[in-house]
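Below is one structure, written out as structure tokens; comments come after it.
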Amino acid sequence: MPHINLPEGFPGITAGFTFRPETAKPMRELAHILLHGQSTLSRGERELLATYVSSQNNCHFCQSSHGAAAACHLGDSSVVEKVITNFLTAPVSAKLKALLVIAGKVQHDGKLVTETDVLTARAQGATDMEIHDTVLIASAFSMFNRYVDGLGTWQPRDPEMYAQMGKHMAKEGYTKPSIRQPVVASENSSTR
């Protein structure tokens, strides 16, 4: 049950966005620039960063929706699961692993990122822009995760809903809602 009177049938962040569209617009634009805009990191890599941070924050909605978007970009959902479980053994580049270390530290406390972490990422080929965007993705998704969970939003467990959201996000980006009408809650959906 949400902590405030949110619109019914809108899961996760879409409930907050529907409740307050004027704050949704800049938040959507930030997500779009970070995950869908120009970058030397692929869209799949950036979605993996968002998914990993969301998994560390235990935000089911964001982890599931961005994991589905990452799977669409990568063409392989098993990579997403491996990154969530243990990114150090996942079949991703050494550069992305070094960036995931930084993202994980930012998720916990930005002050934990060390010069050694940055030098390691650079040694694996990460540019200053990629390091910057990793820190910003980790910071923004920690905020998005806390927004979703702090409002006590409805977070269904329906994998098909997340798969459809992931397809929309992978193709269209983030400026347009992936859910435009209320979703009917099933008996086996969870609220948190």
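Every read-out reported here was derived from the displayed coordinates using simple, explicitly stated rules and does not represent laboratory data. Bear in mind that the values here come from a model prediction, so they are computed numbers and not experimental data. Note: ideal-geometry Cβ built from the backbone for every residue, glycine included; neighbour counts use all protein chains shown.
Could you list all residues from the stretch 68-84 that are surrounded by fewer than 21 Cβ atoms within 10 Å (Cβ to Cβ) and β-branched (Val, Ile, Thr)? Matches in the stretch 68-84: Val79, Ile84.
Looking at the stretch 81-105, which of its residues are without any contact (Cβ under 8 Å) to a residue 40 or more places away in the chain, in a helix (DSSP H, G or I) and under 21 Å from Thr40 (Cβ atoms)? Within the stretch 81-105, Val83, Phe87, Ala94, Lys95, Lys97, Ala98, Val101, Ile102 qualify. Checked against the criterion of being assigned to a helix (DSSP H, G or I) and out of contact with any Cys (no Cβ under 8 Å at 6 or more places or on another chain), the candidates Ser54, Ser78 yield just one match: Ser78. Among residues that are over 14 Å from the mean Cα position of the chain (by Cα) and either part of a helix (DSSP H, G or I) or farther than 30 Å from Gly150 by Cα (or both), Val118 is included. State yes or no: is Phe61 part of a helix (DSSP H, G or I) and more than 22 Å from Glu130 (Cβ to Cβ)? The answer is yes for Phe61.
Keeping to the stretch 1-32, report how many residues are of a type outside the set (Phe, Trp, Tyr) and assigned to a helix (DSSP H, G or I).
So the count comes out to 18.
Inside the stretch 121-153, residues that are assigned to a loop (DSSP other than H, G, I, E, B) and in contact with a Leu (Cβ under 8 Å, 6 or more places away or on another chain) make up a count of 3. Comparison of Lys111, Lys176 shows that the only residue that is in a helix (DSSP H, G or I) and of a type outside the set (A, V, I, L, M, F, W, C) is Lys111.
In the stretch 56-67, the qualifying residues are those that are closer than 17 Å to Pro11 by Cα and polar (S, T, N, Q), and the one that is surrounded by the most Cβ atoms within 10 Å (Cβ to Cβ) is Ser65.
For every residue, the table says whether it meets (1) within 19 Å of Met165 (Cβ to Cβ); (2) within 12 Å of the chain's Cα centre (by Cα).
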residue: Glu8; (1), (2): yes, no
residue: Thr40; (1), (2): no, no
residue: Glu45; (1), (2): no, yes
residue: Leu48; (1), (2): yes, yes
residue: Gln56; (1), (2): no, yes
residue: Ser78; (1), (2): no, no
residue: Phe87; (1), (2): no, no
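Report whether or not Cys62 is within 23 Å of Ala163 (Cβ to Cβ), touching a residue at least 40 places away in the same chain (Cβ under 8 Å) and touching a Ser or Thr at 6+ places or on another chain (Cβ under 6 Å). So Cys62 passes the test. Among the residues of the stretch 123-150, those that are surrounded by fewer than 16 Cβ atoms within 10 Å (Cβ to Cβ) and more than 20 Å from Asn57 (Cα to Cα) comprise Ala123, Gln124, Gly125, Thr127, Asp128, Met129, His132.
Number of residues in the stretch 19-52 that are surrounded by 13 or more Cβ atoms within 10 Å (Cβ to Cβ), without any contact (Cβ under 8 Å) to a residue 60 or more places away in the chain and farther than 15 Å from Met169 by Cα: the value is 3.
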